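Asker: Below: one structure in structure tokens.
The values are calculated or read from the model by the stated rules, or taken from the named source; none is laboratory data. Just so it is clear, the model here is predicted, and its values are computed rather than measured. Here Cβ is always computed from backbone atoms with ideal geometry, including for glycine, and neighbour counts include all displayed protein chains.
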Amino acid sequence: MTGKIQQGSGLVRSGTPLLGQSWVRLAKGAKATAKHGSSGREWTLHGPAEVLPCPRGAEIVLLASGKLTTSRGMGARPGAETIVATPLGAVIASDAQVELLVSARSARLRVVAGAASVTAAPWAKLLGKTTVRPGAAATLTPREGAERDAADHCRNAAKKASNAARAVVDSQRGQVGKNTATHVEARRSARIACAVALAEHGPFEPGVVPGSWRQLLTADALWRAPPGKRLPAPSRAPKTQESP
């Protein structure tokens, strides 16, 4: 790692665990690689940037602003996806070398190797294809006149996934396969929608967690909960060993 990097109110040193609770700020010229403690997947961050790596210990990065790059191979395995959420949408990949640049007005993806998919938020438009292959690029920009209600977007997707989980439990004979497939897709959509909502919310001052952030965490917990069980937003994220 190089340059000035802060996590909350403290400075980040090489090997500092990132527990997925506090936003990390990289000054201009700073650079760090975050590694997921369980899977070994890596993301390289370039300042200036504001990022929250691995909320709840997941293979998700919230990139409010700045540049992120990845390489192929590290932490990749069949069926496993990583999500990089921005205020305008998400980039999803299994094993790809990408470059993502996020600013207040756009999120631009360039793929060097492998392939990545792009999901635009309802308040954004996609310039390019939803599946981006080597040598191609895609850009997300704000949709003119669109209402940016990220919290509702997350809550609605989470409720749909929760209802889909209940449908699996209540399935009649012959419906289990269909309802399970619906639930899997609804969970994936909720995971993406809530990650984008958290990225759109963005950083807040260290030591003061706003109510709007807590509400998003509660909605994000809904789609993860077993059918019929309501989970409160956790006060602490699972301890993982991501480190720059």
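Asker: Can you tell me how many residues in segment 173-216 are among the hydroxyl-bearing types (Ser, Thr, Tyr) and surrounded by 21 or more Cβ atoms within 10 Å (Cβ to Cβ)?
Answerer: Number satisfying all stated conditions: 0.
Asker: Which residues, taken from segment 194-244, are in contact with a Cys (Cβ under 8 Å, 6 or more places away or on another chain), of a type in the set (Asp, Glu) and at pLDDT below 90?
Answerer: Glu242, the sole residue that qualifies.
Asker: Under 7 Å between Cβ atoms, at least 6 apart or on separate chains: pull out the pairs that start in segment 62-80 with a residue that is at pLDDT below 90 and end on any residue that is polar (S, T, N, Q) and assigned to a strand (DSSP E or B).
Answerer: If the second residue must be polar (S, T, N, Q) and assigned to a strand (DSSP E or B), the pairs left are Ser71/Gln97; Arg72/Gln97.
Asker: On to the next question. Given the structure, is Ala85 touching a residue at least 40 places away in the same chain (Cβ under 8 Å), of a type outside the set (D, E, K, R), in a strand (DSSP E or B) and farther than 27 Å from Glu185 by Cβ?
Answerer: Here the answer is no, as Ala85 does not meet what is asked.
Asker: Further question: Looking at segment 120-172 only, could you name the residues that are touching a residue at least 24 places away in the same chain (Cβ under 8 Å), among the hydroxyl-bearing types (Ser, Thr, Tyr) and either touching a Lys or Arg at 6+ places or on another chain (Cβ under 7 Å) or surrounded by fewer than 14 Cβ atoms within 10 Å (Cβ to Cβ) (or both)?
Answerer: Selection gives Thr139, Thr141.
Asker: Does any residue of segment 62-70 turn out to be within 22 Å of Ala121 (Cβ to Cβ) and in a loop (DSSP other than H, G, I, E, B)?
Answerer: yes
Asker: For segment 97-130, how many residues are more than 15 Å from the chain's Cα centre (by Cα), within 19 Å of Ala193 (Cα to Cα) and of a type in the set (Val, Ile, Thr)?
Answerer: 1
Asker: Collect the residues in segment 95-110 that are assigned to a loop (DSSP other than H, G, I, E, B) and farther than 16 Å from Thr44 by Cα, keeping them in residue-number order.
Answerer: Correct list: Ser103, Ala104, Arg105, Ser106.
Asker: Next question, about the same structure. Can you find a residue that is out of contact with any Leu (no Cβ under 8 Å at 6 or more places or on another chain), assigned to a loop (DSSP other than H, G, I, E, B) and outside the structural domain of Ala120 (by TED's automatic domain parsing) anywhere in segment 134-141?
Answerer: Filtering segment 134-141 down to residues out of contact with any Leu (no Cβ under 8 Å at 6 or more places or on another chain) leaves 134-136.
Imposing the further condition that a residue be assigned to a loop (DSSP other than H, G, I, E, B) reduces the set to 134-136.
From what's left, outside the structural domain of Ala120 (by TED's automatic domain parsing): none.
So far as segment 134-141 goes, no, none of its residues is out of contact with any Leu (no Cβ under 8 Å at 6 or more places or on another chain), assigned to a loop (DSSP other than H, G, I, E, B) and outside the structural domain of Ala120 (by TED's automatic domain parsing).
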